[in-house]
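*Asks:* I have a structure here, written as structure tokens, and I will follow up with some questions on it.
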Amino acid sequence: MESEMRMRFGGFWNSLILLIVIIICLRFSSLEFADEGLTKRIFSALHLFLGCVAAGFLLGIFKIFLAFSNQTYTRAPASANFALGLKYGIVAGGMLILIVGMLQLDNFLGVFQPIVTGLIAKLTAFFV
């Protein structure tokens, strides 16, 4: 289990992905609770990140259970399924927070917000 975690979360790119998720959580909580104190914003960011970890934990457990439908000689070890599910869950939680932040909060992406708002407006006009 330790080697699987090290393989899935070690290295430069995997660490960069986790750092980006943490930055997204910090940005969301700092804009959402702008009039609150620093401790409230940090605890909110920690709560969001732990929610991403909980989603990853749940996805890892689902991945273990769903792997039982495969044949035993093609099935990955349970630790590999859990570590991969944990990584995908954290990334998916971060992406959901990013999407909600872009749609709901003003200036979530800073200077890139007008570009994204224009693209979202064009996409919604295309499908409506």
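*Asks:* Those residues that are open to solvent by less than 70 Å² (accessible area, probe 1.4 Å), of a type outside the set (D, E, K, R) and part of a helix (DSSP H, G or I), I need them from region 5-21; list them, please.
*Replies:* Passing the criteria: 5, 9, 14, 15, 16, 17, 18, 21.
*Asks:* Which condition does residue 65 not pass, out of (1) surrounded by 14 or more Cβ atoms within 10 Å (Cβ to Cβ); (2) part of a helix (DSSP H, G or I); (3) of a type in the set (Phe, Trp, Tyr), if it passes all the others?
*Replies:* Unmet for residue 65, out of (1) surrounded by 14 or more Cβ atoms within 10 Å (Cβ to Cβ); (2) part of a helix (DSSP H, G or I); (3) of a type in the set (Phe, Trp, Tyr): (1).
*Asks:* Right, next: (1) in contact with a helix residue (DSSP H, G or I) (Cβ under 6 Å, 6 or more places away or on another chain); (2) closer than 15 Å to residue 24 by Cβ; (3) among the hydrophobic types (A, V, I, L, M, F, W, C): which one isn't true of residue 67, the others all being true?
*Replies:* Just one mismatch for residue 67, condition (2).
*Asks:* Quick one: which of 57, 28 is in a helix (DSSP H, G or I), touching a residue at least 12 places away in the same chain (Cβ under 8 Å) and farther than 27 Å from residue 121 by Cβ?
*Replies:* 57
*Asks:* For region 94-128, give me the residue count where each residue is among the small types (Gly, Ala, Ser) and over 17 Å from residue 30 (Cα atoms). Let's see the steps before the verdict.
*Replies:* We begin by selecting, within region 94-128, every residue among the small types (Gly, Ala, Ser); these are 94, 101, 110, 118, 121, 125.
Next, from what is left, pick out any that are over 17 Å from residue 30 (Cα atoms): 118, 121, 125.
Number satisfying all stated conditions: 3.
*Asks:* Same structure, new question: What do you reckon, is residue 84 buried (at least 18 other Cβ atoms within 10 Å of the Cβ), assigned to a helix (DSSP H, G or I) and touching a Gly at 6+ places or on another chain (Cβ under 9 Å)?
*Replies:* Taking the combined requirement at face value, the residue satisfies it.
*Asks:* For the structure I just gave you, tell me whether residue 92 is open to solvent by 30 Å² or more (accessible area, probe 1.4 Å) and at pLDDT 90 or above.
*Replies:* yes
*Asks:* When residues of region 34-62 are filtered for being of a type outside the set (S, T, N, Q) and surrounded by fewer than 17 Cβ atoms within 10 Å (Cβ to Cβ), how many remain?
*Replies:* The qualifying residues number 18.
*Asks:* Kindly provide the set of residues from region 93-128 that are touching a residue at least 40 places away in the same chain (Cβ under 8 Å) and assigned to a helix (DSSP H, G or I), ordered by number.
*Replies:* Within region 93-128, 93, 94, 97, 98, 100, 101 meet the criteria.
*Asks:* Could you list, in sequence order, all residues of region 10-55 that are of a type in the set (Gly, Ala, Ser) and modelled with pLDDT of 90 or more?
*Replies:* Across region 10-55, the qualifying residues are 29, 30, 37, 44, 45, 51, 54, 55.
The values are calculated or read from the model by the stated rules, or taken from the named source; none is laboratory data. Keep in mind the model is a prediction, meaning the values are calculated, not measured. Virtual Cβ from ideal backbone geometry, glycine too; neighbours counted across all protein chains shown. SASA here: full protein model, heavy atoms, side chains in, ligands and nucleic acids out. Shrake-Rupley method; radii C 1.70, N 1.55, O 1.52, S 1.80 Å.
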